[in-house]
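For reference, the structure discussed in these notes is given below.
Derivation of every value follows stated rules applied to the coordinates shown; laboratory data play no part. All values reported here derive from a predicted model rather than from experimental measurement. Please note: Cβ atoms are built from the backbone with ideal geometry, for glycine as well, and neighbour counts cover all protein chains shown.
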Amino acid sequence: MSDVNRSLHTLWTIFKHEFSLYWISPIAYLVGAAWLFLSGFFFSRSIGAFNQGGFGFGGLEPSMSYTLSPMAFLLMFLAPALTMRLVSDEIRSGTHELLLTAPVRDWEVIVGKWLAVWGVFSVFILITLLYPLVLVWRGSPNGAQIFTGYFGYWLWAGTILAIGVLASAVTQYQLIAFMIGEGVALFLFLADTAGSLVNNTLISTVLTQLTVTQHYQNSMLDRGLVSAVDLAYFIGLSAIALFLATQTLNMRRWRA
Amino acid sequence: MIQVEGLTKYYGNYKAIDSLSFHADAGEIVGFLGPNGAGKTTTMRILTGYMPPSDGRATIAGYDVYENSLEVRKRIGYLPETVPLYKEMSVWHYVDYMAGLHGMRGNEREDRVDEVLDKVGMLDRANSMIDSLSKGMRQRVGLAQALVHRPSVLILDEPTIGLDPRQVREVRELIREVGEERTVLLSTHILSEVSQLCSRILVINKGLIVAEDDPDTLSARLSGSTRFYVRAGNVEPDALAEAVRGVKNVVEAHASERGVEVTSAPDTDVRPQVAAAIVKNKWDLLELKPMGMSMEDIFLQLTTEQDGEMVMEEEEAL
Ligand SMILES: Nc1ncnc2c1ncn2[C@@H]1O[C@H](COP(=O)(O)OP(=O)(O)O)[C@@H](O)[C@H]1O
Ligand SMILES: [Mg+2]
């Protein structure tokens, strides 16, 4: 078995295990319910607003922005709730001893777990594809924009979940893991505001570029754009978080 | 198969194991015997690649446990002290997951999971949730997990701890059976456990290996003989040893750097007679000192079995 082959097999094994564990835990259903309730609330409100302008979507342009934009913010509460137990539970129950002594690499454990929780969230997102169907049925929305809006949302979810995995590797306390995930996500929303307060162009540019709004709402969601910078933002942040989570797991061996 | 040289582990400033050296040959069942806190778990965790040593090295099947951890981990089955189980999974899926982590796939993997569950006598409970199993059953599922990928080395950390006497016998029988074709390193603080299962016993205390013997010799040493050093002035150590050997009930006496090492017959204390012999020879008795680590002291901390059946439940108290 080649190395790549073996890694893929390991990732798939861990993915399958973690993914199925989620569906027997209450937290997935709680988060799923919250996700559907909140997104349904924002979507129906936006439909109401569209209808204000007359029959169909006469007034406003039919769009998913009114739903996905607030949901992008609320993700900072939903995602860490899903990830907070992901690594810490294993440490508490001792099962990490099996993972760390099985012939798998630390990064495979982290990435496998991340893919699983991202997979769970992808199921939630997939269900809400019903909303754009409603838009298509009642009006003529911009298909490309809906696609990039969802695609960007999916990437953003992957990013916050990666940060959540890192938080769960750092601390055994679920509440602290939850708050770290939430805090980092909040920072990614407010960084440009912080940047505008700084009198240094370099720092404020960096802070602005770190802001998710720049890469999601102002770009993929509202303008239907997918730029290399936006992709690099989500992929880069996820990769950094997963790398740090792997290092954290590895450091546990030394501190054990 | 297992080769350990100068293995040392610090937790912060605390030295949990101190330059351990030992080996286990292919096909051997080696017992790692020592009271709680001796460093058994620490040693095993280093061997399994769970954590790196502070110093020294260990190889398994020729691979360094730290440098080549992945190769080592492919070849070992490990049962940690507190059997790590996913309580919300079924027995079958748990063992299947562990087989997957070891790179097994497809039909071969499914058949092997059935086979190994059958071997540990858990096939009829394959669909049970782990949560609902008794302690003895969980231990057997833990063993199944350690065996599923056909490892050539098994590392079992206190595999019979907390089991009732009948379960202890079952698990022990199982270990004997699976140990026929592989190398087993087994830790315990129950003396009779190692004497029944192991071909060789390493006694570890406070991070040091204090004895390495086959079970029979170890029992003899345990039967109450005293061991001490004696030093005297104006006499050569060899002459002193010669004289001490003449004392009744002295089994062995030989000169060493620290004086003459004396071992008495079981259940005797020959120190007064040795002292008297020295005085009689008009030598100056300088020192008469128990050997650094008295085996009895260590074994007082180990639990024993009575009548070969009952396990004393002092385990919890220790
Ligand atoms: N993670 C740890 N951090 C600090 N000290 C530890 C840790 N694990 C074990 N120790 C200490 O190291 C010593 C050896 O422990 P251990 O290897 O578990 O012994 P045993 O398995 O023989 O009971 C004990 O004194 C224990 O308190
Ligand atoms: Mg132990």
Review point. In the structure displayed, which of B:74/B:135; A:16/B:9; B:206/B:248 lie more than 29 Å apart, Cα to Cα?
Key: A:16/B:9; B:206/B:248
Revision key, fill the gap. Largest first and rounded to whole Å, the semi-axes √(5λ) derived from the alpha carbon gyration tensor of segment B:2-219 read 28, 20, 16
Exercise for review: Calculate, in nm to one decimal, what residue B:248 and residue B:82 gain on full extension: separation in residues at 0.36 nm each, minus their alpha carbon distance.
Suggested key: 54.8 nm
Point to revise | In sequence order, calculated HN-Hα J values of segment B:278-288 (Karplus, 6.51, -1.76, 1.60; Hz; x Gly/Pro) | key: 5, 4, 4, 7, 6, 8, 8, 6, 9, 7, 9
Revision key, fill the gap. For segment A:3-255 the translational diffusion coefficient, Stokes-Einstein from a Kirkwood Rh over Cα pairs at 4 °C and viscosity 1.567 mPa s, in µm²/s, is roughly 67 µm²/s
Review point. By how many nm would the segment from residue A:202 to residue A:2 grow when fully extended, if each residue of separation counts as 0.36 nm and the alpha-carbon distance is taken off?
Key: 67.5 nm
Exercise for review: Translational diffusion coefficient, Stokes-Einstein: compute it for the protein assembly as shown using the Kirkwood radius over C-alpha pairs as Rh, at 20 °C and 1.002 mPa s, and state it as an integer in µm² s⁻¹.
Suggested key: 77 µm²/s
Point to revise | Measure of compaction for segment B:224-292 (Cα Rg per 2.2 N^0.38 Å) | key: 0.96
Revision key, fill the gap. Of segment A:9-28, those with amide N under 18 Å from the point 7 Å along the Cα→Cβ vector of residue A:93 are A:13-28
Practice item. Mind checking which of B:160, B:232, A:240 is farthest towards the positive end of the protein assembly as shown's charge dipole, using Cβ charges of +1 (Lys, Arg) and -1 (Asp, Glu) about the Cα centre? Key: A:240
Check your understanding: In terms of the Cα gyration tensor, with a ≥ b ≥ c the square roots of its eigenvalues, is segment A:129-256 rounded because a/c is under 1.5, prolate because a/b exceeds b/c, or oblate?
Key -> oblate
Check your understanding: With Rg and the Kirkwood Rh both taken from Cα atoms, where does Rg over Rh land for segment B:12-119?
Key -> 1.01
Check your understanding: Taking the Cβ-Cβ separation of residue A:229 and residue A:172 as r and a Förster radius of 35 Å, what is the calculated FRET efficiency to the nearest 0.05?
Key -> 0.45
Point to revise | Charge dipole of the protein assembly as shown about the Cα centre (unit charges at C-beta), most positive-ward option of A:71, A:10, A:146 | key: A:146
Check your understanding: To the nearest 0.05, how large is the calculated FRET efficiency for residue B:66 and residue A:12 if R₀ is 35 Å and r is the Cβ-Cβ distance?
Key -> 0.80
Point to revise | Rounded to the nearest 20 debye, dipole of the protein assembly as shown from Cβ charges on Lys, Arg, Asp, Glu | key: 1680 debye
Check your understanding: Between residue B:5 and residue B:284, how many nm apart are label points set 7 Å from Cα along the C-beta direction?
Key -> 4.5 nm
Review point. For segment B:61-130, what ratio Rg/Rh do Cα atoms give with a Kirkwood hydrodynamic radius?
Key: 1.03
Practice item. Compare B:15, B:206, B:40 in a GNM of chain B, Cα atoms joined below 10 Å, and give the one with the largest fluctuation. Key: B:15
